[in-house]
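Report on one structure; see the data block that follows.
The values are calculated or read from the model by the stated rules, or taken from the named source; none is laboratory data. Just so it is clear, the model here is predicted, and its values are computed rather than measured. Cβ coordinates were reconstructed from backbone atoms using ideal geometry, including for glycine residues, and neighbour counts include every protein chain displayed. Just so you know, the surface numbers come from the protein's heavy atoms only, side chains and all, with ligands and any DNA or RNA stripped out. Shrake-Rupley method; radii C 1.70, N 1.55, O 1.52, S 1.80 Å.
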Amino acid sequence: MTDKYHKRNGPGQDGNGLMKLVIFNAVLFVILKFIYVIYLSVSPNPGEFYKNVFDWFAMPANLHVLGSRPWAILTYMFTDEHVFRFIANMFWLWAFGYILQDLAGNRKLIPLYVFAGLFSAAFYIIAYHVFPKLNGQISTAFLAGANPSVMAIAIAATAIASDYRIFPMINGGIPLWILTAVYILISFSSIAYGDAGAYIANISAAFFGFMFIQQMKKGNDWSAWINVFFDWLADLFNPDTGKDHRSPKEQFFYKVSGTQPFKKIPNITQKRIDDILDKINQEGYRYLTDEEKEILKRAADKEDL
């Protein structure tokens, strides 16, 4: 059962938000670098590339400039100009994103990535308009890179289960909080000296990641509405939409009226098990019904015989 679950949490799984984020970041990074090379082949001055291309994807701190490119508040979190920083961000995104999906399902990662990016962008802009020292640098300040969103994912994964173990072959495993501490140290030490705006963006994103999980534990899923929107958007281009809206329970059992003279024991089929494992991947184990947990237990006991 564990092997089947992790296969559904692998790179090729449908709805794998982690793979989508990594691919989208990588594609945009390669496109921008390709355009950069073209600009260098025409003119040795890279400033033309930043003025005509890159600056339209990065988010400026100046609200007046941002008004001319409002999409930048979204595109900045997928935009990077430094090769090594991009590789490091994708490594940490994969490490913490995989753990978060393993613990909370596939439908939390992308909303958290986007919401944390928007939250940190708002604090970044506010800081440059409120603090006099930063306000003097507002004309040249811009935010780019996945750092704030990855920071939120790291804190969120740790907030769910700080004692989650990685590398179990090493003395029983290394607690997740240690990996997070190492990441935070590396992340903040890599920020350019004097770039207070970047510190504010990362700290605000970390706070959002923590609050996201705290609210989820209380039953308040901040990702629910955007997942509904994503589902609606996907259904627009899905020819199979509307063919069968019945729940697995309705598909596997007859409907009867009156009081049942016996306790219904659900039939264990491979499709039923697959549906339950997919639900764990999408929403997390904590959202399973008692009936679904009983089916998994019976299936596991059956495999042990």
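I'd like the full set of residues that are in contact with a helix residue (DSSP H, G or I) (Cβ under 8 Å, 6 or more places away or on another chain), open to solvent by 60 Å² or more (accessible area, probe 1.4 Å) and assigned to a helix (DSSP H, G or I), limited to the range 128-146.
Those that are in contact with a helix residue (DSSP H, G or I) (Cβ under 8 Å, 6 or more places away or on another chain), open to solvent by 60 Å² or more (accessible area, probe 1.4 Å) and assigned to a helix (DSSP H, G or I): H129, K133, N135.
Within the range 55-73, count every residue that is touching a residue at least 40 places away in the same chain (Cβ under 8 Å), open to solvent by less than 60 Å² (accessible area, probe 1.4 Å), part of a helix (DSSP H, G or I) and not acidic (D, E).
Number satisfying all stated conditions: 2.
Among F208, F212, F167, which is the only one that is among the aromatic types (F, W, Y) and in contact with a Leu (Cβ under 6 Å, 6 or more places away or on another chain)?
Every option except F212 fails the conditions.
Since E81 meets every condition but one in (1) in a loop (DSSP other than H, G, I, E, B); (2) under 30 Å from K218 (Cβ atoms); (3) open to solvent by less than 50 Å² (accessible area, probe 1.4 Å), which condition does it not meet?
Result: E81 passes all but (2).
Restricting the first residue to the range 152-171 and requiring it to be farther than 18 Å from F188 by Cβ, which pairs with a second residue that is at pLDDT below 80 meet a Cβ separation below 8 Å and a spacing of at least six or different chains?
R165/G172
Kindly evaluate I125 against the criterion of being closer than 26 Å to K51 by Cβ, out of contact with any strand residue (DSSP E or B) (no Cβ under 6 Å at 6 or more places or on another chain), of a type in the set (A, V, I, L, M) and open to solvent by less than 70 Å² (accessible area, probe 1.4 Å).
Judged against the criteria, I125 is a match.
Applying the selection to the range 28-42, what residues are open to solvent by less than 60 Å² (accessible area, probe 1.4 Å) and farther than 13 Å from V83 by Cβ?
L28, I35
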